[in-house]
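Enquirer: Dumping the structure here so I can ask a few things about it.
What follows draws every value from the coordinates through simple rules; no lab data is involved. In this text the structure is predicted, and so the values were computed from the model without any measurement. Cβ: placed from backbone, ideal geometry, glycine included. Neighbour counts: every protein chain shown.
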Amino acid sequence: MKHLRVLSLLVTLCATVALGQSPTATPAAKPATPAPQAQASPAPPATYASLVDRQVSTYEKNVVDAAEAMPADKFDFSPASLNIPGSSYKDVRTFAQLVKHTAAANYRLWTNVTGEKMPENIKGGNGPDELKTKAEIIQFLKDSFAVGHRAAKSLTAENALEEIAWFRGTAPRLFVASAAVIHAADEYGQMVEYLRMSGVVPPASRGN
């Protein structure tokens, strides 16, 4: 009988201890639902117009920045004035003529694409003779690139291979639009040399 009481007390004690160690469970907090993130709109598909316009913008920045970097009193600079032994710079363009030539070529090629009339004051490859100051020349350059943007934006899948005027013959519209960019790149390379000969680091070559 004594053993039964002891056993009964042990069972009661164990049950009490077990209950004491099992507090009422608190429901786990639900993880916060992340706010839906706005999905970026996909980039529009590339077109002839967008690709050529990007090319125009790239060389517009390079060429215009280079022209603006040259001090006004150096616009008449020519490498011939340095008299470098063994060099062959006789009769090369001055920096001002180089910039005007670039702009005149832009007009000549890109107006073929847009169908616009060439400015009447462009008589030769070096652009208008009456443009003398740095401000006038740079404005002429910027205006020529504006024609380039219009030419680029006129390109479509339907007209890109259409033959248009190209010097003594014809060439596809896309070819003429791109050829003006290639020519601007060639002239930019020469502008870089003129800048460095004048002690000016081209903007595109400067550190951030």
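Enquirer: Count charges around Trp110 for me, please; just the other residues with Cβ under 10 Å from its Cβ, Lys/Arg as +1, Asp/Glu as -1.
Expert: Working: positive: Arg108, Arg150; negative: Glu116.
So the surrounding residues net to +1.
Enquirer: Turning to a different aspect of this structure: Given that compact globular proteins tend to follow 2.2 N^0.38 Å, what is the ratio of the alpha-carbon Rg of the range 156-207 to that value? Walk me through the intermediate numbers first.
Expert: Working: Rg = 16.5 Å, N = 52, 2.2 N^0.38 = 9.9 Å.
Against the empirical 2.2 N^0.38 Å value, I get 1.68 for the range 156-207.
Enquirer: Continuing with this model, one more query. Is the shape of the range 109-208 rounded, prolate or oblate, going by the alpha carbon gyration tensor and its root eigenvalues a ≥ b ≥ c, with a/c under 1.5 for rounded and a/b larger than b/c for prolate?
Expert: Working: a/c = 2.29, a/b = 1.58, b/c = 1.45.
Prolate is the answer for the range 109-208, as a/c is 1.5 or above and a/b outweighs b/c.
Enquirer: Over the range 99-150, what relative contact order in percent results from Cα pairs under 8 Å that are six or more residues apart? Kindly include the intermediate steps, with their values, before the conclusion.
Expert: Values: 46 pairs, mean separation 28.8, N = 52.
Relative contact order, the range 99-150: 55 percent.
Enquirer: Would you work out if the range 126-167 is rounded, prolate or oblate? Take a ≥ b ≥ c from the square roots of the eigenvalues of the alpha-carbon gyration tensor; rounded if a/c is under 1.5, else prolate when a/b is larger than b/c, oblate otherwise.
Expert: Values: a/c = 7.04, a/b = 2.29, b/c = 3.08.
Because a/c hits 1.5 or more and a/b fails to exceed b/c, the range 126-167 counts as oblate.
Enquirer: What per residue convex hull volume, in Å³, do the alpha-carbon atoms of the range 40-196 yield? Could the numbers behind the result be given before it?
Expert: Numbers: hull volume 22.1 nm³, N = 157.
Convex hull volume per residue, Cα atoms: 141 Å³.
Enquirer: Compute the length gained on full extension between Ala185 and Glu116: take 0.36 nm times their separation in residues and subtract their Cα-Cα distance, giving the result in nm to one decimal. Mind dumping the intermediate values first?
Expert: Numbers: separation 69, 0.36 × 69 = 24.84 nm, distance 2.31 nm.
Gain on extension, Ala185 to Glu116, equals 22.5 nm.
Enquirer: Between Asp91 and Arg206, what is the FRET efficiency for a Förster distance of 25 Å, r being their Cβ-Cβ separation, to the nearest 0.05?
Expert: Details: r = 31 Å, r/R0 = 1.26.
Efficiency at R0 = 25 Å is approximately 0.20.
Enquirer: Taking Cα centroids, how far is the range 106-138 from the range 139-207 in Å?
Expert: Measuring centre to centre over Cα atoms gives 13 Å.
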